[in-house]
1. Are there any pairs with C-beta distances below 8 angstrom linking a residue in region 97-118 that is modelled with pLDDT of 85 or more to a residue that is among the β-branched types (Val, Ile, Thr) and surrounded by 10 or more Cβ atoms within 10 Å (Cβ to Cβ), with the two at least 6 apart or on different chains, and if so which?
2. Return yes or no: is Ser51 free of Cβ contacts under 8 Å to residues at least 24 places away in the same chain, assigned to a strand (DSSP E or B) and surrounded by 15 or more Cβ atoms within 10 Å (Cβ to Cβ)?
3. Any residue in region 70-82 that is modelled with pLDDT under 95, assigned to a strand (DSSP E or B), farther than 16 Å from Ala4 by Cβ and in contact with a strand residue (DSSP E or B) (Cβ under 9 Å, 6 or more places away or on another chain)?
4. Search region 10-22 for residues that are in a helix (DSSP H, G or I) and pair each with any residue that is small (Gly, Ala, Ser) when their beta-carbon atoms are under 6 Å apart and the residues are at least 6 apart or on different chains.
Amino acid sequence: MLKATYWGWERTDDINRRAFAHSVCAIALIDGRQAGFARASGDRAVFARISDVIVWPEHRGKGIGKALVQALLDHPELSSVSTWMLNTSDAHGLYACFGFQPVTGGNEMRLDRPPVGA
């Protein structure tokens, strides 16, 4: 499913595996079958970044995305995290209900560079 997204289509399976291994991951299951996925990366102490929130198309609109985000925010390994970040082009409403706001103060900076071997 991630390879079908606008943000994950260039990633290899190896890159995804490494990203997942260094993240707290949450999955949604319906009748034992995966219906969604999300992860949080960071230092697990003061900073975390939510990434790769995806719900399978046939299960969208059922609150699964919200449940995945809530599972990460409530995860015991992330309980001391005070700064949460994420990037989205199309799901602002999902994150706004948790209190996320667009960064406009000029403090956030970003470096985008091509992956090695690309």
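1. Between residues of region 97-118 that are modelled with pLDDT of 85 or more and residues that are among the β-branched types (Val, Ile, Thr) and surrounded by 10 or more Cβ atoms within 10 Å (Cβ to Cβ), the close pairs are Phe98/Val69.
2. It is false that Ser51 is free of Cβ contacts under 8 Å to residues at least 24 places away in the same chain, assigned to a strand (DSSP E or B) and surrounded by 15 or more Cβ atoms within 10 Å (Cβ to Cβ).
3. no
4. Note: no pairs meet the criteria.
The values are calculated or read from the model by the stated rules, or taken from the named source; none is laboratory data. Nothing here was measured: the structure is a model prediction, and the numbers come from that model. Virtual Cβ from ideal backbone geometry, glycine too; neighbours counted across all protein chains shown.
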